[in-house]
């Protein structure tokens with residue numbers, strides 16, 4: 001009797017990134033909802049006012065960035081730099097799935 005070794009199916013890296021983005025969107029949406037509820041409580045859910053506002057702002061930004069990345073996926077423009085239109089390397093997208101710019105263009109924007 002011989003056994004056959006089955007290789008796991010190869011997943012498309014963009015599909016893996018889509019899953020990551022969808023999970024990130026849900027996690028940060030849930031966090032934003034929780035922080036918003038805390039902001040309406042008399043004790044601010046135990047948060048310092050400044051910290052709470054910073055966390056809410058950060059969560060809003062991540063939700064917006066992630067939604068834009070998912071929209072670009074749906075439109076077919078995901079992975080292309082919004083400034084120069086070159087492909088953003090997969091390694092950068094794996095680190096920062098909502099990246100909109102290649103590294104050189106990002107440096108120009110923040111430099």
* Asked: Which residues, counting only those in the range 90-102, are without any contact (Cβ under 8 Å) to a residue 60 or more places away in the chain, in contact with a helix residue (DSSP H, G or I) (Cβ under 8 Å, 6 or more places away or on another chain) and over 18 Å from residue 64 (Cα atoms)?
  -> 92, 102
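For the range 65-89, give me the residue count where each residue is within 30 Å of residue 37 (Cα to Cα) and either at pLDDT below 95 or out of contact with any helix residue (DSSP H, G or I) (no Cβ under 6 Å at 6 or more places or on another chain) (or both).
4
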* Asked: Are any residues in the range 65-89 surrounded by 13 or more Cβ atoms within 10 Å (Cβ to Cβ) and in a helix (DSSP H, G or I), and if so, which ones?
  -> 65, 66, 67, 68, 69, 70, 72, 73
* Structure fact -> residue 97 fails exactly one of (1) in a helix (DSSP H, G or I); (2) modelled with pLDDT of 95 or more, namely (1)
* **Hits in the range 36-64 - residues which are part of a helix (DSSP H, G or I) and more than 19 Å from the chain's Cα centre (by Cα)** => 36, 37, 38, 39, 44, 45, 46, 49, 50, 51, 52, 53
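Would you call residue 62 surrounded by 12 or more Cβ atoms within 10 Å (Cβ to Cβ) and at pLDDT 95 or above?
yes
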* Asked: Just wondering, is there one or more residues in the range 38-48 that are on the phi > 0 side of the Ramachandran plot and surrounded by 12 or more Cβ atoms within 10 Å (Cβ to Cβ)?
  -> yes
* Unmet criterion (only one of (1) closer than 29 Å to residue 90 by Cα; (2) at pLDDT 95 or above; (3) exposed (fewer than 15 other Cβ atoms within 10 Å of the Cβ)) for residue 53 -> (1)
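The values are calculated or read from the model by the stated rules, or taken from the named source; none is laboratory data. None of these values were measured; they are calculated from a predicted model. Cβ sites come from the backbone with ideal geometry, for glycine too, and all protein chains shown count toward neighbours.
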